[in-house]
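A.B. asks: Quick one: the structure is below, and I'll ask about it shortly.
Rule-based calculations on the coordinates, nothing more; no lab input. None of the values given here were measured: they were computed from a predicted structure. Ideal geometry is used to build each Cβ from the backbone, glycine not excepted, and the neighbour counts take in all protein chains shown.
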Amino acid sequence: MFVRCKVTSSQYVASRARDPTFEKLMDKYKNFLKVVAIQDLIVANPRNQSVSLDFLSRLSQKLHLNRGAPSFLRKYPHIFHIFYDPNKSLPFCKLTDTANQIFSEEADAINASLPQVVDRLVRLLSMSNSKMVPLRAIYKVWRELGLPDDFEDTVISKYSHVFQLCDAHEPNTHYLKLVDDIPRNQFRAAVEEWRVGQCCEEDCTVDETEIQYSFKHSYPPGMRLRKIFKAKVKEWQQCPYTGPYEGILDSNKYKNTSLALEKRAVSIVHEFMTLTVEKMVEVEKISHFRKWFGIELNIRDLFLDHPGIFYLSTKGKRHTVFLREAYERGCLIDPNPVYTVRRKLLDLVAMGRRGLSQSSLRQKADQIHNEDGGFPLLGDYAPTKA
């Protein structure tokens, strides 16, 4: 949409307008992702849901635990218990009762929303020109889409009349494909629902033709909106385009083909993000779908080019994009059950060591000693600097 000066990708990212609300959220979320990664390792062992600190220490670099696993675990006593196993002569870590409860609630929320999960997958595949995507790409975003961790069995196999796994010519590669050819007019994109809602409001003063091709915009506070910028946004908003479920763009239909191609790409990634549980995704993950969605543009630049629709954060050594319209004051405007449960864990991450005195920490250690027959590492509960 915009003509940029010749700058490197890193310079373009660094020059973006910052939004303090999203940056503050990512400050908590970057540690939340580390907590979830450790949680997954703990619950992966069905017989004894714990993991040794020695094992976690070997994974410190991969998990981005800069100060080591023990130091990270000690920061979150509401989530992790550290105990000593005398049989193995090693310190171990397991989830607290509170964290276990949240984990169970999330699993229940996901299982209760299976019809919505199926709808998300069908919509995602419908945006692909071939109605299929690599299974490995789905694995990249299974958590973002609210899929069960065993979705191959509980979703794909269970709904075999909807989905089909196809072997590719490459070894160890499968494609997930829609079984039936679903009519393209069966789905309405989220942005189209927004347009209808705008026109149906009682005090609506906007003409339907004015927002026929528009997207909702809101900008980071303090971002300077120059006249030339506003003019280009207005031109872009009025440009017709082919929607995410309408198939391949016919270049003969549009006066400005390049603008229409860009707007179609925006509509696809916008729709993709509305299908996610938290209306956010890592840029690297969504890039795995670029070829299958027929997007020829650089995904990251696409997000940066449209700061009124998306917000890109670089916190936590990752590029994470948010759908701006879905958030207000750092929370989803329209939360779903899975998001609500995950928010509980995020709140525990934000709490850190607050709410527990030194005596409480020692009581927790003694409780583990009684439950597990081990010797709690009281030193691991000593206050440390974050």
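A.B. asks: With a ≥ b ≥ c taken as the square roots of the eigenvalues of the C-alpha gyration tensor of region 1-136, please select rounded if a/c is under 1.5 and otherwise prolate if a/b is larger than b/c or oblate if it is not? Walk me through the numbers before you get to the answer.
C.D. replies: Details: a/c = 2.33, a/b = 1.40, b/c = 1.66.
In terms of gyration-tensor shape, oblate.
A.B. asks: Extending each Cα 7 Å along its Cβ direction at ARG343 and LEU165, get the distance between those two points in nm, one decimal.
C.D. replies: 3.5 nm
A.B. asks: Can you spot the lysines whose alpha carbon is less than 22 Å from LYS88's alpha carbon? Ignore those fewer than 8 places along the same chain.
C.D. replies: Result set, ordered by chain and number: LYS364.
A.B. asks: Let me ask something else. Take the Cβ-Cβ distance between ASN298 and ARG184 as r, set R0 to 25 Å, and report the resulting FRET efficiency rounded to the nearest 0.05. Can you show the working numbers first?
C.D. replies: Numbers: r = 27 Å, r/R0 = 1.08.
Result of the calculation: an efficiency of 0.40.
A.B. asks: To continue, here is another question. Scan the chain and note any complete DSSP helix (H) whose C-alpha atoms cover at least 20 Å along its axis and whose Kyte-Doolittle average is 0.0 or more.
C.D. replies: On the way: long enough: 20-43 (34 Å, 0.23); 97-112 (22 Å, -0.44); 257-274 (25 Å, 0.40); 337-351 (21 Å, 0.51); 358-372 (21 Å, -1.84).
Qualifying helices: 20-43, 257-274, 337-351.
A.B. asks: While we're looking at this one, here's another question. Using Cβ contacts closer than 10 Å as the measure, can you line up GLU152, GLU193 from fewest to most? Kindly include the intermediate steps, with their values, before the conclusion.
C.D. replies: Details: GLU152 19, GLU193 11.
Listed from fewest to most nearby Cβ atoms, that is GLU193, GLU152.
A.B. asks: Additional query: Suppose only helical runs count, i.e. DSSP H with n ≥ 4. What mean residue ellipticity at 222 nm does that imply for the chain under -39500 (n - 2.57) per run, divided by all residues and rounded to the nearest 500 deg cm²/dmol?
C.D. replies: Numbers: 14 runs with 159 residues, N = 386.
Rounded to the nearest 500, the figure is -12500 deg cm²/dmol.
A.B. asks: Using the Cα gyration tensor of region 114-183, with a ≥ b ≥ c the square roots of its eigenvalues, what is the shape: rounded (a/c below 1.5), prolate (a/b larger than b/c) or oblate (neither)?
C.D. replies: In terms of gyration-tensor shape, rounded.
A.B. asks: I'm a student and want to see the number: the projected area of the Cα convex hull of the chain, averaged over all directions, in nm². Write out the running numbers ahead of the final one.
C.D. replies: On the way: hull surface 92.9 nm².
Result: a mean projected hull area of 23.2 nm².
A.B. asks: Considering only Cα-Cα distances, which of the following residue pairs are longer than 20 Å: LYS30/LYS75; LYS28/LYS279; LYS263/LYS317? Let's see the in-between values first.
C.D. replies: Working: LYS30/LYS75 14 Å; LYS28/LYS279 16 Å; LYS263/LYS317 29 Å.
Listed pairs above 20 Å: LYS263/LYS317.
A.B. asks: Would region 188-335 count as rounded, prolate or oblate if I go by the C-alpha gyration tensor, calling it rounded below 1.5 in a/c and otherwise prolate when a/b exceeds b/c, oblate otherwise?
C.D. replies: Working: a/c = 1.36, a/b = 1.09, b/c = 1.25.
Because its axes are fairly even, with a/c under 1.5, region 188-335 counts as rounded.
A.B. asks: Modelling each spin label as a point 7 Å along the Cα-to-Cβ direction, I'd like the TRP194/THR173 distance in nm, to one decimal.
C.D. replies: Using points 7 Å along Cα→Cβ, the separation is 3.5 nm.
A.B. asks: FRET efficiency for GLU246 and ASP150, Cβ-Cβ distance as r, R0 = 51 Å, nearest 0.05?
C.D. replies: Working: r = 34 Å, r/R0 = 0.66.
After rounding to 0.05, the efficiency reads 0.90.
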